[in-house]
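Notes follow the structure.
The numbers here are math on the coordinates, done by the rules we state, and not lab data. If you're wondering where the values come from, they're calculated on a predicted model, not measured in any experiment. When we count neighbours, we look across all protein chains shown, and the Cβ atoms used for this are built from the backbone with ideal geometry, even at glycine.
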Amino acid sequence: MADFAKELLEKTSHRTAPFPNHQWRLSQRWDHLLFMHFPVSTEMLRVHVPSSLELDTFEGQAWIGIIPFAVKDMRIRGLPKIPFYHSYLELNVRTYVTYKGVPGVYFFSLDANHLPVVFGTRILSLPYFRAGMSMGMEDEVINYSSSRKGKTTGIFTGSYRPISEPFTPEGGSLTYWFLERYLLWTENGKKLLRGDIHHERWMVTEAETRINKMMFPPFKLDTPMYAHYAASQRALMWPLVPEKI
C-alpha cells in the first residue's frame, strides 16, 4: 500500500460514517477544484432525486453544486500507473442527500474527457458522460471549458481564481456542510448503490468566477451564490455496493 494511503487511513476523526468492511480499490489526486453552489427549491429538486434518499438542506435551503477539476495520478490498488489512463478532466453536477441520517451526495452527472473512464464508470452505474474539455492556467486564473457530446446537454465555459487565504471550513458552517461528505449514492434499476470515499478535510479559499456559458438542464442556474477553490486533494475510493434497505 502506498505511504499516502496508509497516512490517509489513519486520519478518521473527521469522517461522518465509518469505513466500509471491504477494501478501497482506487486512488486519485484532484487538482484545481472549483466548488460553485446555487440555491434551488426542494420541490423542483425532489422529482430528480431517488425517493429512497432524503433531500439534505441547510436551514431549509437545498443546493446544487457544480465542480470542475482535473484528475491526476489515478491508480488501481495493487497495480502500477496505467499510461494514458491516469489523468483526465472531470466536471460534476451534484446535490446533497442523506440516507438513514448519514449525509452524502447524489450525482446528476459526471462529465469526463477520457472515453475509457466514461465507459468503465457507466458499467459501475455512475452517470458519466463524454465531453470535450480543456483547462489552462495563466498566473492564478484557471480557464475551463466543458461541452458534453451526444444527445444530452452539459456546457460550462468560464474561469476562476482563489481570492483569499486558505482556510479549513468551521464545523456547522455552510461551507463545511457543502464539502465534508464521504458517501455517494446512485441507482441501478431499483437498487440503491453506495460508494465511499476518503480524504483529509478540505482546505479551500474563496473564489472569484467568471461564467461565459453554463447549461445543465433541467436546472436553470446563473451566478453561483458561493464559490470556493481547492488547490489539491488526494482521495481513496471504494467500489459501489448495494445499500442495505
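So here's what we get for this one:
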| item | result |
| --- | --- |
| For residue 40, distant residues with modelled amide H under 5 Å away | 62, 63, 64 |
| Per-pair calculated FRET efficiency, R0 = 25 Å: residue 22 and residue 100 via Cβ, rounded to 0.05 | 0.85 |
| Neighbour-count ranking [beta-carbon atoms within 10 angstrom, fewest first] of 51, 173, 159 | 51, 173, 159 |
| J(HN,Hα) series, the stretch 92-101, from Karplus relation 6.51 cos²θ - 1.76 cosθ + 1.60, nearest Hz, glycine and proline x | 10, 10, 9, 9, 10, 9, 10, 9, 6, x |
| DSSP-defined beta bridges in the stretch 25-242 - what % are antiparallel, rounded to 5 | 95 percent |
| Ranked list, fewest to most other Cβ atoms within 10 Å of each Cβ, for 134, 41 | 41, 134 |
| Order of 73, 3, 196 under a 10 Å beta carbon neighbour criterion, fewest first | 3, 73, 196 |
| Cβ-derived FRET efficiency at R0 22 Å, residue 215 paired with residue 151, nearest 0.05 | 0.95 |
| Most fluctuating residue given options 74, 36, 137, as computed from a GNM of the chain linking Cα atoms under 10 Å | 137 |
| For the stretch 230-238, 3J(HN,Hα) per residue [Karplus equation, 6.51 cos²θ - 1.76 cosθ + 1.60, θ = phi - 60°, Hz, x = Gly/Pro] | 10, 5, 6, 7, 9, 9, 10, 10, 9 |
| Relative contact order (%) - the chain, alpha-carbon pairs under 8 angstrom, separation at least six | 23 percent |
| Pair residue 173, residue 14: separation of 7 Å Cα→Cβ label points (nm) | 1.2 nm |
